[in-house]
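Enquirer: For reference, the structure I am asking about is given below.
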Amino acid sequence: MPLQLYNTMGRKTEEFRPITPGKVSFYGCGPTVYNYAHIGNLRAYVFQDTLARTLRFLGYKVTHVMNITDVGHLTGDADEGEDKMVKSAAERGKSVLEIADFYTKAFFNDTDRLNIRRPDIICRATEHIDDMINLIKRIEANGHTYTAGGNLYYDVTSYPDYGKLAGLNLSDLKAGARIDVDENKRNPFDFVLWFTKSKFENQALTWDSPWGRGYPGWHIECSAMSMKYLGEHFDIHTGGIDHITIHHTNEIAQSEGATGKKWVNYWLHNEFLVLNKEKMSKSSGDFLTLQKLIDQGYGSGDYRFFLLGGHYRSQLAFSWQSMDSAKNALKNLIQRTSRLLEAAGNVPSGNEDKAGSRDWGSASARMENFRTALEQDLNTPRALSELQAVIKEGLNGAILPADAVKAVAAMDGVLGLRLLEKAAEKGGDSGGSSGSATLSVEERQRIEDLISKRAAAKKEKNWAEADKIRDMLAGEGIILEDGASGTIWKHIPKNGV
């Protein structure tokens, strides 16, 4: 089936049709580098990575662009509050550029640990000021701007389709307008294209422009940089759902106001990560970073697995219990993958990204199911299920182990869990002991069969039989650990090695 994506513009699932056959132009909103990324932020980048990997798996040539915002983003998305970069620099006694450099490196350290492939083009706002000025000139020439108090504003009433992404009507917006502290605006939904010193007297970074010395508004950055690298009309724009009503709405107005034509074909937005029923944000008391998860004993792969277990358009509730489940499930997958490698004779897996690039043999049905899951608006929970199934069937003989290994390599090329790499490192022992490496494939399969019988006994509430199997395995040095995702085991030889 063709790839189906949910387009926020129109609120419906549509068949994906790229502007240029076989190629995809894709822009994803990047970070404002004034602090560490919290784990809610990182969900957006795992989603972008999964999208890019999926597109390549399906055979597309992808150009993925992401911005780094290092100027112009106020603490309120609607031109309210302080500049985030300046505020962070003042609090830490550093220059704005020092803050930007430090947190840019920290951001990419996090994404590297999450096995997020870096975009093809990464562009910093401060390096594209001329592009922004030139785009603003075009917007101004088309009659969409006015100057007030020294700042240049976009007049949203000059753009009839304002609010179409969010499904908003400008007349309705005026009736229920939010409070805005900027008295220079004719309409509370107008937004700044270029600030001058009339907004902030002590702005750290400023540039000369036709409207006075100052700096760009946040929204113009993404329009200018995406157009520079992808052209005035491209395929996909992504971001979090919090960007829909203001940032992305304003991007569309200014971009189409400049060019007079459609800017983006498909708008994809990921949902929030929630903690205690509240949206996770840096302003809340629940500011969790990836490093804090690692300090609690979780791997970065555990967090990626947790995120893939929920659909990107569904809110995902974070809890330590859910992280425990993800950790145990990934541990189990690595252990089973290691046994699969042994059964296959450690055959080379290859490094193919494309779905139709090889003959999957006895794993063909599972690969087709996996592809279908991805084509249904990136259904990663179902894709994970197909991955687990192909490993199971590779171990029980339903699929040839060598075919299963090749399928795992291709599936994990999209999911990014590094299964084969970790399985090879751990030698099949999820519990950290080297002893299980001494077990033969036949012995391992016997243990798996007994564990399956024990699970069936537990389901039938035959506790005596379940305890009997556990005790028998314990006598052989096989220790079972029951978790929400199932039972994992480790082998502790009698000599303790």
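Enquirer: Report the full-extension gain for the segment A456 to K292: residue separation times 0.36 nm, less the Cα-Cα distance, to one decimal in nm.
Expert: Difference between extended and current length: 55.3 nm.
Enquirer: Amide H of N67: which non-local residues (sequence gap of 5 or more, or other chain) have their own amide H closer than 5 Å, using H built in the peptide plane?
Expert: Long-range HN contacts for N67: G28, G30, C123.
Enquirer: How high is the FRET efficiency between E465 and A398 when r is their beta carbon distance and R₀ equals 22 Å, given to the nearest 0.05?
Expert: 0.30
Enquirer: Using each residue's phi in the range 258-271, evaluate 6.51 cos²θ - 1.76 cosθ + 1.60 at θ = phi - 60° and report the 3J(HN,Hα) Karplus result to the nearest Hz, with x for Gly and Pro.
Expert: 7, 9, x, 9, 4, 9, 10, 8, 10, 10, 10, 10, 8, 7
Enquirer: Mind grabbing the accessible area of C222 for me, 1.4 Å probe, Å², rounded to tens?
Expert: Answer for C222: close to 0 Å² accessible.
Enquirer: Further question on the same structure: Give me the percent of the accessible area of the range 23-171 that comes from carbon and sulfur atoms, probe 1.4 Å, all protein chains in place.
Expert: 46 percent
Enquirer: Kindly write out, for the range 151-165 in residue order, the coupling ³J(HN,Hα) from the Karplus curve 6.51 cos²θ - 1.76 cosθ + 1.60 (θ = phi - 60°), rounded to whole Hz, with x marking Gly and Pro.
Expert: Per residue, the Karplus-derived 3J(HN,Hα) values read 9, 9, 10, 8, 8, 5, 6, 7, 10, x, 8, 4, x, 5, 5 Hz.
Enquirer: Now a separate question. Taking amide hydrogens as modeled 1.01 Å from N in the peptide plane, which residues meet the under 5 Å criterion relative to V24, leaving out close sequence neighbours?
Expert: K61, V62, T63
Enquirer: Once label points are set 7 Å from the Cα along Cα→Cβ at both R382 and E183, what is their separation, rounded to one decimal in nm?
Expert: 5.7 nm
The values are calculated or read from the model by the stated rules, or taken from the named source; none is laboratory data. It should be emphasised that the depicted structure is a prediction, and the values quoted were computed from it without experimental measurement. FYI the Cβ positions are ideal-geometry reconstructions off the backbone, even for glycines, and counts take in every protein chain you see. Protein only, heavy atoms only, side chains kept; ligands, DNA and RNA dropped before computing areas. Shrake-Rupley method; radii C 1.70, N 1.55, O 1.52, S 1.80 Å.
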